């Protein structure tokens, strides 16, 4: 998912600072506007790069450093919350891709072998040749219009933020006027998707800290 030639060259060069900037730098403008001044000072980009560097270094010698880093961080820390969180009450949650032999095989494949992103589809077609003629999703096709969904989500977040006018994590001078405008303009509400998921996460985190 994250593998491409430009990113592979960056990991091959081995500069954890450059990789860190590539992974985190694009969020800086959003965080600067949304985070409260105190929180922003404590969680600066420099702090994040310093924290990230040792973890990146652990993966640079892997056959697929990009895959290894994302597996042990994004997959383990975020994606795993879906099966093991939402299905937490299920006695046994199966994770077939974590089969030890399969994992050992996949983690040993060089990144260059996976650059064209056909390995997954080719493996399925080889295992199930009777269904190989069925096409996969066309990821180049136009995405459905999500305006209504984004507008609804933006308004829900706006109502939540307006009901809690103080926050230790969100800069309310930024969030409050945008929340009010989201309630009167559907189009503006839909355009807030660039910050509302993070705002909701921060608001929930702030609420947990007060309990």
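FYI, it's all coordinate maths here, none of it is from the lab. Source: prediction; values computed, not measured. Don't worry about glycine lacking a Cβ; one is built from the backbone with ideal geometry, like all the others, and counts go over all protein chains shown.
Residue separation of residue 74 and residue 51 scaled by 0.36 nm, minus their Cα-Cα distance, works out to 6.7 nm of gained length. Here's the picture: a label point sits 7 Å out from the Cα of residue 12 along the beta-carbon direction, and within region 101-127 the residues with their amide nitrogen under 14 Å of it are 110-116. On full extension, the segment bounded by residue 164 and residue 112 gains 13.8 nm, given 0.36 nm per residue less the C-alpha separation. Extending 7 Å from Cα along the Cβ direction at residue 148 and again at residue 1 yields two label points whose distance is 2.7 nm. Taking label points 7 Å from Cα along the Cα-to-Cβ direction, residue 87 and residue 131 give a separation of 1.7 nm.
As a rough footprinting exposure proxy, the listed residues 24, 49 were ranked by other beta carbons within 10 Å of their own, and the order from fewest upward is 24, 49. Treating r as the C-beta distance of residue 186 and residue 41 and R0 as 45 Å, the FRET efficiency rounds to 0.80. Modelled spin-label separation between residue 123 and residue 208, with each label point placed 7 Å from Cα along the Cα-to-Cβ direction: 3.2 nm.
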